[in-house]
Amino acid sequence: MQLQDIHKLPVAGKTVYVRVDYNVPLNDAGEITDDTRIRATLPTLQLLLDGGAALVLATHLGRPKGVREEKYSVRPAGIRLAELLGRPVRQAADCVGSEVAAQARALQPGEVLLLENVRFHPEEEANDPAFAKELASLADLAVNDAFGVSHRAHASVVGVAQHLPMVAGLLVAKEVEFLERATARPERPFVAVVGGAKVSDKIGVIARLLTIADTVIIGGGMANTFLLAQGVEIGTSLAERDKVQEAKDLLTQAETNGKSLLLPTDVVTAATFAASAEPLTVAAAAIPADRMVLDIGPETAARYAAALQEAKTIVWNGPMGVFEFSTYAAGTAAVARAVAAADAVSVVGGGDSVAAVAQCGVAEQISHISTGGGASLEYLEGRELPGIACLAKEA
């Protein structure tokens, strides 16, 4: 997909609407605990500011469901952005209305206005045309740099593009470049790693990967459903028993397509779902009836690492176990180190996978860390993302 180059956008003296994704985690005191998503937009914002633009930024935070709640205010993001940009960031009390319009009109080149949470209005998620038009009226041009919400047909993402020429920001362009490179023209062997709790969340992704990857590695709670599909007893482990047939179908698809679908051969189990639970490593085919799987075992981790060592293209989304429990994080950490060590183009997405490469200190060795979990999954599945489809293409 050849998106229009943002560098060619005539922004001098213009007000540019930028959809960013500042849906950052906050602690109980309302403080940002991870500003990665804010930092990820800085190259785009700086490019526009250096070009002589004034900026109107739109974002959401959390799921306020169309109701204004103070805990979902984007003010903390604005404060952090000002620190990172090294310039003031004005904060609007709302995202639409006469007062906001006046603030946008008053902006001078180099100035930044952050709108309040667009999801305080139910019209946002409904992609209401009038709401989108009002957002668009705040600026002359538009940029989407919020890949994390580009799978949503929301007013601030796709609705605005009906009223203003919208192009991809540097972050969105980078996301599309790496995901397209991995899926449309991968250097082989192409190894995909899929983890997480539920098969149901990723059936479509696994099915597609089994057509374009050479090897698909399965971990996390979803691996238990595949073990059930193979007739393995999994004790008290988390599984989706109503998805066993889908797992069987995927195993058949892998065999029919001549693909390798790797499942755990040993697992780390616990008697209870607790960080303090005593671990016991057993063969995947011999899980005790009174224990649950919380991680892949060392033998499996070594097999997975060996497959990744041969790869030239890697896509990884989802942990291998209960990564938030340090006792059961070894499998995910092993995969993180293996992905980083591989001589491959690597794309990592999903919160726990991203956290793993950060905690292992190997983030710099990953080709691309995706900021959009759901969006990257839908892209991998082959779905059209509304927030990308509406962007201006290179002539």
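The values are calculated or read from the model by the stated rules, or taken from the named source; none is laboratory data. As the structure is a computational prediction, the values presented were derived from the model and not from experiment. As a convention, Cβ positions derive from the backbone with ideal geometry for all residues, glycine included, and neighbour counts pool all protein chains shown. Protein only, heavy atoms only, side chains kept; ligands, DNA and RNA dropped before computing areas. Shrake-Rupley method; radii C 1.70, N 1.55, O 1.52, S 1.80 Å.
Observations on the model:
- Positive end of the dipole of the chain (Cβ unit charges, origin at the Cα centre): among TYR72, PHE190, GLY235, the Cα lying farthest that way belongs to PHE190.
- Pairs of Cα atoms farther than 33 Å apart, the chain, %: 37 percent
- Listed residues VAL315, VAL11, LEU61: farthest to the positive end of the dipole of the chain (Cβ charges): VAL11
- Spatially close lysines, pair count over the chain: Cα under 17 Å, gap of eight or more or interchain: 9
- The residues neighbouring ALA192, those whose beta-carbon lies less than 11 Å from its own, together hold a net charge of +2 under the Lys/Arg +1, Asp/Glu -1 convention.
- Ratio of Rg to Rh for the range 1-137: 0.95 [Cα atoms; Kirkwood radius as inverse mean 1/r over pairs].
- Residue order for THR256, THR332 - accessible surface, 1.4 angstrom probe, largest first: THR256, THR332
- Cα shape, the range 56-181, gyration tensor, a/c 1.5 rule: rounded
- Remark: the Cα gyration tensor places the range 233-357 in the oblate category, a/c being 1.5 or greater and a/b not exceeding b/c.
- Computed packing ranks the peptides 59-66, 315-322, 180-187 as 315-322, 59-66, 180-187, most packed first, by mean other Cβ atoms within 10 Å.
- Å² per residue, accessible surface of the chain at 1.4 Å: 41 Å²
- Sulfur and carbon atoms: percent of accessible area, the chain [1.4 Å]: 50 percent
- Euclidean distance of C-alpha centroids, the range 1-46 and the range 269-331, integer Å: 36 Å
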